[in-house]
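Here's the structure we're looking at; comments come further down.
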Protein chains: 2
Amino acid sequence: MIRTLLEDLADLVGIDAVTTDEAAMAFATEDWRGRYRGKALCVARPANAEQVAGIVACCARHGVPVLPQAGNTGLVGGSVPAAEGPAPVIVALERLRRIRKVDPVNNTMEVEAGCMLANVQEAARAAGRYYPVSLGAEGSCQIGGTIATNAGGTSVLRYGNTRENVLGLQVVLPDGTVWTNLTALRKNNTGYDLKHLFIGSEGTLGIVTAAVLKLHPLPTRHAVAWAGLADPESAVRLLTLVQERDGAKLSGFELMNRNQLDLVVRHVPQRRSPLEDAHDWHLLIELSDTGGNDDLDATLEGILAQALDDGLIADAVIAASERQRADMWEVRHSVSEANKKGGIGLTTDCAVPVSATADFIRAASAAVGALAPKAELVVVGHMGDGNVHFIPFFTFDQWDKLEDRDALAEAIRHAVNDAAHALGGTFSAEHGVGQVSLKEMARYKSPADLALMRAVKAALDPKGLFNPGRLIPPDA
Amino acid sequence: MIRTLLEDLADLVGIDAVTTDEAAMAFATEDWRGRYRGKALCVARPANAEQVAGIVACCARHGVPVLPQAGNTGLVGGSVPAAEGPAPVIVALERLRRIRKVDPVNNTMEVEAGCMLANVQEAARAAGRYYPVSLGAEGSCQIGGTIATNAGGTSVLRYGNTRENVLGLQVVLPDGTVWTNLTALRKNNTGYDLKHLFIGSEGTLGIVTAAVLKLHPLPTRHAVAWAGLADPESAVRLLTLVQERDGAKLSGFELMNRNQLDLVVRHVPQRRSPLEDAHDWHLLIELSDTGGNDDLDATLEGILAQALDDGLIADAVIAASERQRADMWEVRHSVSEANKKGGIGLTTDCAVPVSATADFIRAASAAVGALAPKAELVVVGHMGDGNVHFIPFFTFDQWDKLEDRDALAEAIRHAVNDAAHALGGTFSAEHGVGQVSLKEMARYKSPADLALMRAVKAALDPKGLFNPGRLIPPDA
């Protein structure tokens, strides 16, 4: 049967576009941090939506699961197959990489799912427009993956998640139908807004093959500051101060603690702390604007002067050049690389109401301190939208010597997520569920939530062949 | 059986909260323009979500349809029952009118479905924040209705539709479950984002009982101009000019033609044209900002001076006071009242890509001119998001003398919607489907769209008791 499937697939997409060799498939069966490795029947690389539909129909005939993949840069093992269970066909979307149309008057852009995020940003910029989704992996992640995971990043506080920046979609459904809804409209009230089912569905309901993205006016002026401060409470108060003084211009409000900054400085070449003295907490604050003749540096300086007066910050520096601005952002964007090199971080991805972020950090610190007193507590987050990555951190040596690591990791993850949940928060703000948080779905989602998700899944994928076992925990 | 149902309902919500008298029910069985009148078994006015759930379960037991209603200010007959077919129980949400919580640090607000939009706007403002959804009916429409219809209005180009301003929902499902998802999070990637199923579902999937809304920084400075110009093409070019000069500050870009302005001036007391000379087309342009010390009037003046130089506009005036700004907006907000008083307007609600708005107006004008040469063409729209209300208009006298009015109205509606559809547009941008556009759903939505909608409807409302016959046309 499997031989027939492979032959059918080769007929559909060409023999060169079907990979079965295990070593050659490693780019798709393993995640970039090397934490998850799974088994696949093959990797198929279709050239267009019709070929995707053909593959899906073929897999349905053979009763074989389908796992879509676009970029494979995720942090939760969501884009790689499981080690156990029926091996899927991986549908890699890298050949669908055309930027089909940029419409600067309508402020939209139509792209294929395999386009790299950085290329999309660049094409928007070339037309004098801005595609705001920005994250560490932008140089290798693909648009289809950002849609399937509703990617977040550093500009959500101003521009929203990927979800808020998608106007239209083309999706291949589990029955092989190509659902084409590539509208470039900002208003469209004609029944259920079905695209939202697919955004963030992690490949369980369909395969995104193309999208219409929303573009924004290109910010032309920026002011960036780095501040040192004593505690997260002060950071929350400073955020409110910025929002009240000139909230519409706020485009970045990133928090990290001393341990996180130390990791970056230690492990990534050419990174240094923007401030001379050591501080327990750090903020990167960015204002930006699209025109006018306001002096943004002066606005930011005024806000920071008041923050100093009010005792919210201990020190701050405003970037004096494009180079310095880039340097400050480089420190922020080097976090993943630093943490990968520095040891084993148990990355969590909670969001809470912004007003509860300080309480969350305090509660999580206490809970993890009790479970793993030797772990360093690394904290980095998109504070402007309440998304705090709380990362209990071990040196490689510590980690190797730990007994019962998996149980400890799970206990720590639950403790952090419990702290968020108790404050009305979530265990996955932007990374998604993947393999890491499937148990959390059962632990935190309400029975009504899970029942609705199961009903939707059964309605769209009655055979259960799209990423089976993912996203929705088994019915208890 | 019906007697029992009424007794059951009275037991649930109290005898005073169940109305069966036909005259007393008229507020709920008839729309405000008096165009749609239907039959209901009763109007039930529950006091909380549990009572809503009780009513729903009771109706399910009796096999009686349910029609939720919050405000009854719609323009498409969506919130009133049909004249034919099984009469529903109308669930009126006016008693759920508590503003439960305003969190200015998190920029969120939790409200019940029966809150009036204007009260929500006011509560946000009292906390120094901004709830941006704004529309003509804001003094009487209710939040639940704005959510069920994904209400648009005049600020969509900057802040999005109602959909983009809802973070959490509580919904009573067709099986009587209360699905509570009142999270106040800007990021939450934990499975399907189910709230989007209910937003814009026009009461066919559930009854919204409460919501968490997103608040924004309060704009503190505004500049408003009124411009006269020769044609819609110039309006599109001016829009692009504003967006390129200072796009992030643009908060209003409203178009109307001479016929529309004349109707307002003629039929609404104290309204006058902001410009002395007559022009074929008019624009209201608003910039706003939350801080800084930019002179917005100067920015707007600079843009308009360039527009004059480039020949895009013939004349313009910038409001010199708060009073003048309000006057200009009053002209815009008086459109519904003027058109109701002035005659019979066949309101349409198309949106097209902004880059296609001028083509749309030209094509629709030609098509309607051929069908009804005597109709005046009234055009008013939220041009900044491509939403153009193209309104073939008859005097009462003309309308009374027309033979075969219904057929003509339908032919005209199809002609306008065809013009939009041919340009990648939609027949309902913001008003929704209701009774007016059900046939359009069958005419313009793809088979894949309709199949997906039917699958979702069957999964959530298998008995088909929530607003039966609405939104999804019968399977052909």
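The values are calculated or read from the model by the stated rules, or taken from the named source; none is laboratory data. Just so it is clear, the structure is predicted and the values come from calculations on it, not from any experiment. Cβ placement follows ideal geometry from the backbone for every residue including glycine, while neighbour counts extend to all protein chains displayed.
When you check B:Ala23 against the structure, is it modelled with pLDDT under 95 and more than 30 Å from B:Pro473 (Cα to Cα), yes or no? It is true that B:Ala23 is modelled with pLDDT under 95 and more than 30 Å from B:Pro473 (Cα to Cα). How many residues, within segment B:157-194, are touching a helix residue (DSSP H, G or I) at 6+ places or on another chain (Cβ under 6 Å), closer than 17 Å to A:Arg158 by Cβ and among the hydrophobic types (A, V, I, L, M, F, W, C)? Residues in segment B:157-194 being touching a helix residue (DSSP H, G or I) at 6+ places or on another chain (Cβ under 6 Å), closer than 17 Å to A:Arg158 by Cβ and among the hydrophobic types (A, V, I, L, M, F, W, C): 1 in total.
This table checks each residue for (1) at pLDDT below 95; (2) part of a loop (DSSP other than H, G, I, E, B); (3) surrounded by 23 or more Cβ atoms within 10 Å (Cβ to Cβ).
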{"position": "A:Ile361", "(1), (2), (3)": "no, no, yes"}
{"position": "A:Leu377", "(1), (2), (3)": "no, no, no"}
{"position": "A:His414", "(1), (2), (3)": "no, no, no"}
{"position": "A:Val433", "(1), (2), (3)": "no, yes, yes"}
{"position": "A:Val436", "(1), (2), (3)": "yes, yes, yes"}
{"position": "A:Lys439", "(1), (2), (3)": "yes, no, no"}
{"position": "A:Ala451", "(1), (2), (3)": "no, no, no"}
{"position": "A:Pro474", "(1), (2), (3)": "yes, yes, no"}
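Of the residues that sit in segment B:416-431 and are hydrophobic (A, V, I, L, M, F, W, C) and buried (at least 22 other Cβ atoms within 10 Å of the Cβ), which one is nearest to the other protein chains (Cβ to nearest Cβ)? Among those that are hydrophobic (A, V, I, L, M, F, W, C) and buried (at least 22 other Cβ atoms within 10 Å of the Cβ), it is B:Ala429. Within segment B:460-472, being hydrophobic (A, V, I, L, M, F, W, C), within 20 Å of B:His196 (Cα to Cα) and assigned to a loop (DSSP other than H, G, I, E, B) holds for B:Leu471, B:Ile472. Only residues that are at pLDDT 95 or above and at positive phi: list them for segment A:283-312, please. Across segment A:283-312, the qualifying residue is only A:Gly311. Residues in segment B:432-444 that are more than 7 Å from chain A (Cβ to nearest Cβ) and either without any contact (Cβ under 8 Å) to a residue 40 or more places away in the chain or aromatic (Phe, Trp, Tyr) (or both): B:Leu438, B:Lys439, B:Glu440, B:Ala442, B:Arg443, B:Tyr444. Based on this model, can you work out whether A:Gln324 counts as closer than 24 Å to A:Val156 by Cα, part of a helix (DSSP H, G or I) and assigned by TED's automatic domain parsing to the domain that holds A:Val265? When the stated conditions are applied, A:Gln324 passes them.
Just give me the residues in segment B:20-59 being of a type in the set (Ser, Thr, Tyr) and touching a helix residue (DSSP H, G or I) at 6+ places or on another chain (Cβ under 8 Å), in sequence order. The answer is B:Thr20, and nothing else. Here is the figure for segment B:6-31: residues that are in contact (Cβ under 8 Å) with a residue 60 or more places away in the chain and either assigned by TED's automatic domain parsing to the domain that holds B:Leu182 or under 22 Å from B:Leu75 (Cα atoms) (or both) total 3.
Scanning segment B:382-406 for residues that are among the small types (Gly, Ala, Ser) and modelled with pLDDT of 95 or more yields a single hit, B:Gly386.
Taking the criterion of being within 19 Å of the chain's Cα centre (by Cα) and without any contact (Cβ under 8 Å) to a residue 60 or more places away in the chain, the residues of segment B:178-211 that qualify are B:Lys195, B:His196, B:Phe198, B:Ile199. Counting only residues that are away from every other protein chain (no Cβ under 12 Å), give me the helices (runs of 4 or more DSSP H) lying completely in segment A:171-288 with at least 2 of them. Per the criteria, A:232-246, A:258-267. Scan segment A:78-92 and give yes if some residue there is touching a Cys at 6+ places or on another chain (Cβ under 6 Å) and on the phi < 0 side of the Ramachandran plot, otherwise no. So far as segment A:78-92 goes, yes, one or more of its residues are touching a Cys at 6+ places or on another chain (Cβ under 6 Å) and on the phi < 0 side of the Ramachandran plot. Apart from one condition, B:Leu157 fits all of (1) in contact with a Lys or Arg (Cβ under 9 Å, 6 or more places away or on another chain); (2) not in a helix (DSSP H, G or I); the exception is (2). Tallying residues that are in a loop (DSSP other than H, G, I, E, B) and of a type in the set (A, V, I, L, M, F, W, C) within segment B:1-55 yields 8. Looking at A:Asp277, A:Asp246, which one is out of contact with any strand residue (DSSP E or B) (no Cβ under 6 Å at 6 or more places or on another chain) and surrounded by fewer than 22 Cβ atoms within 10 Å (Cβ to Cβ)? Answer to the check: A:Asp277. Considering B:Val105, B:Val91, B:Val111, B:Val64, the condition of being of a type in the set (Val, Ile, Thr), assigned to a loop (DSSP other than H, G, I, E, B), at pLDDT 95 or above and out of contact with any Ser or Thr (no Cβ under 9 Å at 6 or more places or on another chain) is satisfied by B:Val64 alone. In segment B:156-167, the count of residues that are closer than 30 Å to B:Ala298 by Cα, within 10 Å of chain A (Cβ to nearest Cβ), under 17 Å from the mean Cα position of the chain (by Cα) and among the β-branched types (Val, Ile, Thr) is one or more. Apart from one condition, A:Arg454 fits all of (1) touching a Pro at 6+ places or on another chain (Cβ under 9 Å); (2) over 26 Å from A:Pro353 (Cα atoms); (3) touching a residue at least 12 places away in the same chain (Cβ under 8 Å); the exception is (1).
If you go through segment A:98-115, how many residues are more than 14 Å from chain B (Cβ to nearest Cβ) and either out of contact with any helix residue (DSSP H, G or I) (no Cβ under 9 Å at 6 or more places or on another chain) or free of Cβ contacts under 8 Å to residues at least 40 places away in the same chain (or both)? Total meeting the criteria: 3. Looking only at residues in segment A:289-302 that are in a helix (DSSP H, G or I) and surrounded by fewer than 22 Cβ atoms within 10 Å (Cβ to Cβ), the one that is nearest to the other protein chains (Cβ to nearest Cβ) is A:Thr299. Within the option set A:Ser140, A:Ser79, being closer than 17 Å to A:Glu202 by Cα, assigned to a loop (DSSP other than H, G, I, E, B), within 19 Å of the chain's Cα centre (by Cα) and polar (S, T, N, Q) holds for one residue only, A:Ser79. The single condition from (1) more than 14 Å from chain A (Cβ to nearest Cβ); (2) not in a loop (DSSP other than H, G, I, E, B) that B:Cys350 fails is (1). For A:Pro86, state whether it is away from every other protein chain (no Cβ under 14 Å) and without any contact (Cβ under 8 Å) to a residue 60 or more places away in the chain. Here the answer is no, as A:Pro86 does not meet what is asked. If I filter segment B:134-152 for residues that are of a type in the set (D, E, K, R) and at the interface with chain A (Cβ under 9 Å from one of its Cβ atoms), do I get at least one hit? So far as segment B:134-152 goes, no, none of its residues is of a type in the set (D, E, K, R) and at the interface with chain A (Cβ under 9 Å from one of its Cβ atoms). Pairs meeting the criteria (first residue in segment B:278-300 and assigned by TED's automatic domain parsing to the domain that holds B:Arg245 and among the aromatic types (Phe, Trp, Tyr), second residue outside any strand (DSSP E or B) and crowded, with 20+ Cβ neighbours inside 10 Å, beta carbons under 7 Å, at least 6 apart or on different chains) are B:Trp281/B:Pro232; B:Trp281/B:Ala235. Of the residues screened, A:Ile318 is not one that is under 15 Å from A:Trp226 (Cβ atoms) and within 14 Å of another protein chain (Cβ to nearest Cβ).
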